[in-house]
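Peer 1: What follows is a structure written as structure tokens; I'll ask about it next.
The values are calculated or read from the model by the stated rules, or taken from the named source; none is laboratory data. These numbers come from a predicted model, not from an experiment. Quick reminder, even Gly has a Cβ in these numbers, built from the backbone with ideal geometry, and neighbours come from all protein chains shown. With ligands, DNA and RNA removed, areas are computed over all heavy atoms of the protein, side chains included. Shrake-Rupley method; radii C 1.70, N 1.55, O 1.52, S 1.80 Å.
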Amino acid sequence: MPTRSTLPARRTTPAPRLALAACLALAACLALCLAGCSAVTGRIAHYTPAPAALQENADCRATSYWNEPLVTAPPEVANKMGSVPQGFVPVDAVECSPGQRIFRQVSTEPAWASILEQHLAGDYGPLLAALAEQSERQDGGSCIAMAETIPDLWLVDSAGMAVHIVWPHDACGFTKPGVRQALAALKVTSSKSIDFRPADAVEPVTPPPARILAGANCMTTAHWYEVKGVADPSARDMGGIPEGFVPVSAVECTAFGSNVTDARGTWRTITQKRLSGDLAPLVKALHTPSDKAVGRLACEASLEIIPDLWLVDAAGRAIHVQWPLTACQKSKPGTKELLAQLHVTETTVLKAVLQPAPQPKTLPTATPTSTQAQR
């Protein structure tokens, strides 16, 4: 594994770095992790990193070192990172987060890794205030190993110049909470997935157009409770967006919510949400092809609940949309975020599957035994 320079605001003392390596080795974690702080016993010093260098544009590809476990940023990236320069006025914030990874079964090297690029808008005042907070370093002391994934953060001004920001952190290298809170208050205006993969890892697959039906029907989502998945008959109606179909609203159907009990018994439910708003970004994302593995790939074990999604046109007709999926049958980054930007106009909890009534437990019948002595 090549050696790369250490970011001063991300890794502070030799002890946490050793703990970090052990944590990543055990958890097969994302590459950008930190040693969390448990107790600080040494002397604390406060400092502000040097101002970040002005660059011609924000570049989430500078974050690609995340996809190499235990490797820090190369000098050409780390040396340009820093605090917000005095007088820098942002008009855009760009957050670069690690996305999904796919591995070949015969190799530990990723066959496909991705970074989610999100542009954030809103009041940048709280974010600038949080980024202006000083970082800490300690002389001596100890920290217990914990892992934290820190998105790369870029700020862009009205001239298009960008700065690559170092997050303020505590003496154990753990980020201070203000930046995450300020970022969460901003609105996602656009997002995309940046892929890093060899050409022979996956190939694009476009599903056939979905059938245009009389209306949306969230009850078809009940097949998830019946462990039928895409083999359910309702799956034959799913597909891509047909040419000429213009949606004006959406319906999201989500299984695995809270059960509901009535006079008949206990029901597993489907949560139906009717959504309105600007559907153009979502429709664009839904036109993205899915990925099919070329050869055998080993996927990271994780659970994802993908809502069933319907698009509805002005006449009330609806299509059951197939989500763009990765080769590991996970949703492609960005689609859920765009769906979350729509406005919920109505929420209905549907009784989907009636659970069998619990049967009383009975004790097994005792087998009589003879106490007569053998003669």
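Peer 1: Obtain the nm distance between the two label points defined at Ser234 and Asn57 by a simple spin-label model: each point lies 7 Å from its Cα along the Cα-to-C-beta direction.
Peer 2: Going from the Ser234 label point to the Asn57 one covers 4.3 nm.
Peer 1: Please find the FRET efficiency linking Thr345 to Thr48, where r is the Cβ-Cβ separation and R0 is fixed at 41 Å, and quote it to the nearest 0.05.
Peer 2: Working from the Cβ atoms, E equals 0.30.
Peer 1: Note down the net charge around Gln138, summing +1 for each Lys or Arg and -1 for each Asp or Glu among other residues with Cβ under 10 Å from its Cβ.
Peer 2: Around Gln138, the surrounding residues sum to -1.
Peer 1: Amide H of Ser249 versus every other amide H placed in the peptide plane: which residues, excluding those fewer than 5 positions away on the same chain, fall under 5 Å?
Peer 2: For Ser249, the qualifying residues are Val312.
Peer 1: Assuming R0 = 35 Å, can you tell me the calculated FRET efficiency for the pair Ser142 and Gln86, based on Cβ-Cβ distance, to the nearest 0.05?
Peer 2: 0.45
Peer 1: At a probe radius of 1.4 Å, what is the per-residue accessible area of Ile144, in Å² to the nearest 10?
Peer 2: 100 Å²
Peer 1: Let me ask something else about it. State, to one decimal in nm, how far the label point of Ala280 lies from the label point of Thr206, with both points 7 Å from Cα in the Cβ direction.
Peer 2: According to this spin-label approximation, the distance is 2.2 nm.
Peer 1: Here is a further query. Please list, ordered by chain and number, the residues whose modelled amide H lies under 5 Å from the amide H of Ser83; skip anything fewer than 5 residues away on the same chain.
Peer 2: When sequence neighbours closer than 5 places are left aside, the close amide H contacts are Ala50, Ala52, Val166.
Peer 1: From the cross-link list Lys192/Lys284; Lys273/Lys332; Lys187/Lys330, which pairs have alpha carbons spaced over 19 Å apart?
Peer 2: Checking Cα-Cα distances, Lys273/Lys332; Lys187/Lys330 exceed 19 Å.
Peer 1: Now, a different point. Net charge within 14 Å of Arg180 by Cβ-Cβ distance, Lys/Arg positive one each and Asp/Glu negative one each, not counting Arg180 itself?
Peer 2: Within the 14 Å Cβ shell, the charges total -4.
Peer 1: Give the calculated FRET efficiency between Thr266 and Ile306 to the nearest 0.05, with a Förster radius of 22 Å applied to their Cβ-Cβ distance.
Peer 2: Calculated transfer efficiency: 0.30.
Peer 1: Ignoring ligands and nucleic acids, what accessible area does Glu346 show with a 1.4 Å probe (Å², nearest 10)?
Peer 2: Rounded to the nearest 10, the figure is 90 Å².
Peer 1: May I pose another question? Explain nothing, just compute: Karplus ³J(HN,Hα) = 6.51 cos²θ - 1.76 cosθ + 1.60, θ = phi - 60°, for every residue of the range 253-267 in order, whole Hz, x for Gly and Pro.
Peer 2: Values per residue, Gly and Pro as x: 10, 10, 8, 6, x, 5, 6, 10, 10, 9, 5, 7, x, 9, 10 Hz.
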